[in-house]
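Following: one structure in structure tokens, then a few remarks.
Where a number appears in this text, it was derived from the coordinates with a stated rule and is not lab data. Treat the numbers as computed from the prediction; the structure is a model and nothing was measured. Neighbour counts are summed over all protein chains in view; Cβ atoms, including those assigned to glycine, are modelled from backbone coordinates with ideal geometry.
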Amino acid sequence: MKASVITGKQRIGVFGGAFDPPHNAHVELAKAALEQLKLDALYIIPTGQAWHKVRELSAPEHRLAMTRLAFEALPGVVVDDRELQRAGPSFTVDTLQALQTENPQAQLYLFIGADQFAAFRQWHRWQEVLELAIICIADRAQSTLTQTQFDAYVGHEHRFFTLKLPLMPVSATHIRQLTASGAAAAEGLTSLVPEPVARYISLHSLYRSH
Ligand code: ATP
């Protein structure tokens, strides 16, 4: 761990995602975030219709309900629906700015998977994102993090942190496909998503029409 990343300030983590649905890798990432960065709070923020996702997302109320079911048992977690309330495209930079204004003394930490990091320079106002938050990256089986990816950020190395986390090959896409193909009943999903989320998917017949 880079000692400089842990400051004496209040530490607030931000973990955004479509969470369509939230799955076990998301929960493991949140646990690692709370533990390794010694966070005072971790904001879990379901995204609105993000500009970089081509697919139409499930209804906000379903994604919010599942996000609550998946994360709320973790101490320190706050499920925050501000991006779902926002009209139009939703940008991480705006959310970070709002959180910094609400918590002027805090150091913000933004948690992303390696696939998101690979596209980070295409993010809206990414330089401001980098100024507002320390970017904490979790490696993903589909998108292995390499040291050369950091070469593009010379002079900003201290703004990045790599989370220690085993590679977890689960993705929301795979879960939706499994459900749509009928290959996974609710019980079959419980190795991939928290049990209350599996029950919610089954109860509301989500992902059946893909
Ligand atoms: P989809 O398959 O629909 O693209 P997803 O599984 O990537 O979904 P998201 O809700 O888009 O899930 O992800 C939210 C955040 O969690 C992103 O930063 C993503 O990189 C990260 N993440 C998702 N799955 C993993 C995983 N298996 N390991 C590490 N990080 C992950």
Most fluctuating residue given options Gly76, Gly88, Gly48, as computed from a GNM of the chain linking Cα atoms under 10 Å: Gly88
The answer for the net charge of residues other than Lys9 whose Cβ lies under 14 angstrom from its Cβ, with Lys and Arg +1 and Asp and Glu -1, is +1
Subtracting the Cα-Cα distance from 0.36 nm times the residue separation, let me have the gained length for Ala106 to Lys9 in nm, one decimal. 34.3 nm
Can you sort His124, His158 so the residue with the fewest Cβ neighbours within 10 Å comes first? His158, His124
Scoring only Lys, Arg, Asp and Glu (+1, +1, -1, -1) among other residues with Cβ under 10 Å from the Cβ of Glu131 yields +1
More than 27 angstrom apart: percent of Cα pairs within the chain: 29 percent
Stokes-Einstein D for the stretch 34-120, Kirkwood Rh over Cα pairs, 37 °C, 0.692 mPa s (µm²/s): 229 µm²/s
